[in-house]
1. Would you mind checking which residues have amide H under 5 Å from I37's amide H? H placed 1.01 Å from N; only 5 or more apart, or other chain.
2. Provide L97, L113, L80 ordered by accessible surface of protein heavy atoms (probe 1.4 Å), highest first.
3. Considering only protein heavy atoms, what per residue accessible area in square angstrom results for segment 84-145 with a 1.4 angstrom probe?
4. Heavy atoms only, 1.4 Å probe, whole protein assembly: order I138, I71, I37 by accessible area, highest first.
5. For each pair in K79/K134; K35/K88; K103/K134; K35/K61; K66/K134; K35/K134, compute the distance between the two Cα atoms and list the pairs where it is over 22 Å.
6. Applying the Karplus parametrisation 6.51 cos²θ - 1.76 cosθ + 1.60 with θ = phi - 60° to the phi angles of segment 139-156, what ³J(HN,Hα) value in whole Hz is obtained for each residue in order, glycine and proline being reported as x?
7. How large, in percent, is the carbon and sulfur part of the accessible surface of segment 83-159 at a probe radius of 1.4 Å?
8. Once phi is turned into ³J(HN,Hα) by the Karplus curve 6.51 cos²θ - 1.76 cosθ + 1.60 with θ = phi - 60°, what whole-Hz value does each residue of segment 95-101 show in order, with x for glycine and proline?
Amino acid sequence: MSANGRSVPRRTFLGGAGAVGLGAVAAACGSGGGKDISQWYHEYGEKGTEDAAKKFAKAYKKHTVKVNWVIGGDQYGTKLSTGLLGNKGPDAFEDQLTAQMVKANQVVDLTDLLAGARSDFHPADLALGTVNGKLYGIPMIQDMQMLYYRKSLLAKAGL
């Protein structure tokens, strides 16, 4: 569900988040010179996600986007940590933002760049990508881990 109350399909949201992320990365990398953008993802269980990421990358015309699809759950974190420590890391990636990433200059301040898109996201989602008042990223996916409910209220509603 979006901040304005309209329902957004997951794959549409993924594409939109990817577009904002790639646009931000492209601007952070500069506008010229055929710079390749390296975008990293970890393997998902949902069919079609890898294809959707690669389709979006192919359609992005300002730069060449190279999608690195890391297979194997715990391998992504290890590869990402190693990549961010050296000069072979990704330009755009998915992970949990930490203050240490900010302190180590592994992420770029996107506050001004994404200012016009802030109203598209719930404030709680923006808070997840914010450190010391600066925005470094936005959640790509919001998964509800648990659903709690009261049987009596559902029964009263006829469900």
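1. Placed amide hydrogens put T64, V65, K66 under 5 Å from I37.
2. Listed by decreasing accessible area, they come as L113, L97, L80.
3. With all protein chains present, segment 84-145 gives 67 Å² per residue.
4. On the way: I138 40, I71 95, I37 0 Å².
Highest to lowest solvent-accessible surface, that is I71, I138, I37.
5. Details: K79/K134 26 Å; K35/K88 14 Å; K103/K134 12 Å; K35/K61 12 Å; K66/K134 27 Å; K35/K134 26 Å.
Distance filter (> 22 Å) returns K79/K134; K66/K134; K35/K134.
6. Residue by residue, segment 139-156 yields x, 8, 9, 10, 10, 7, 6, 9, 10, 10, 8, 9, 4, 5, 6, 5, 5, 4 Hz.
7. Working: 3120 of 5760 Å².
Heavy-atom surface of segment 83-159 belonging to carbon and sulfur, 1.4 Å probe: 54 percent.
8. These are the phi-based 3J(HN,Hα) values: 5, 7, 5, 10, 4, 5, 4 Hz.
The values are calculated or read from the model by the stated rules, or taken from the named source; none is laboratory data. Please read all numbers here as calculations on a predicted model, not as lab measurements. Just the protein is used for accessible areas: all its heavy atoms, side chains included, with ligands, DNA and RNA removed. Shrake-Rupley method; radii C 1.70, N 1.55, O 1.52, S 1.80 Å.
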